[in-house]
Amino acid sequence: MEDETNNEPTQQEQTPAIDYGKIEDMIHKGTQQRESAILEGYFKQLGMSGEELQTAVQDFKTKRATQAKEKETSYQNAQQEITRLKAQVLENDIRSKASDIAADLGVDRKSLPYLLRMADMTSAADSKGVISEENIKKALEKVLSDVPALKGSTQQNSGFMQIGGSGGSNDPTAAQNEMLSNIFGTNRKKGRN
């Protein structure tokens, strides 16, 4: 008995190797030839021939290549602008979130811009633009531990803050009169002339 599988060619032997690069080159060359024939036919209809015809075909191809290059440059510029705007939006989102976290940490509003400039926010968002509140909090806490003055005091001072003693009287007019009498050496109290 003869082995039938040895007499049949294998699947690999039947399929020739396909050179996709060569196919692409053939298509490109055929497209260029067809394009040139179409252009020459059009320009001949306009009454052009010889050198004038060849110049018109070359001018058309040069203009089209320039337009394609301008279009590609415009596309690249638009992509760069989109990337820049996305980064700016992400930075604004990080700053907003950091401001909220800083307020929760008790940071004074006046110190906030300095804190945000000093904090290392490189790990505030991942490569996909997802913001990590925990990483922002760690960055802020690191700066606050290095520069505790940025946190501010827990005591709120607002309005007038008196320095020194009250002078014995709560009446500002009486206090003023007594101060003047001490300065000028006269004892001018209410009711005395």
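Matching residues to (1) at pLDDT 95 or above; (2) in a helix (DSSP H, G or I); (3) aliphatic (A, V, I, L, M); (4) within 30 Å of K138 (Cβ to Cβ):
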{"residue": "F60", "(1), (2), (3), (4)": "no, yes, no, no"}
{"residue": "A68", "(1), (2), (3), (4)": "no, yes, yes, no"}
{"residue": "T83", "(1), (2), (3), (4)": "no, yes, no, yes"}
{"residue": "I101", "(1), (2), (3), (4)": "no, yes, yes, yes"}
{"residue": "K110", "(1), (2), (3), (4)": "no, yes, no, yes"}
If we ask which residues in segment 35-56 are among the small types (G, A, S), assigned to a helix (DSSP H, G or I) and open to solvent by 40 Å² or more (accessible area, probe 1.4 Å), their number turns out to be 2
Suppose the filter is assigned to a helix (DSSP H, G or I), of a type outside the set (D, E), at pLDDT 90 or above and within 22 Å of V147 (Cβ to Cβ); does R117 pass it? yes
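The values are calculated or read from the model by the stated rules, or taken from the named source; none is laboratory data. Quick caveat: nothing in here was measured; it's all calculated off a predicted structure. Ideal geometry is used to build each Cβ from the backbone, glycine not excepted, and the neighbour counts take in all protein chains shown. Protein only, heavy atoms only, side chains kept; ligands, DNA and RNA dropped before computing areas. Shrake-Rupley method; radii C 1.70, N 1.55, O 1.52, S 1.80 Å.
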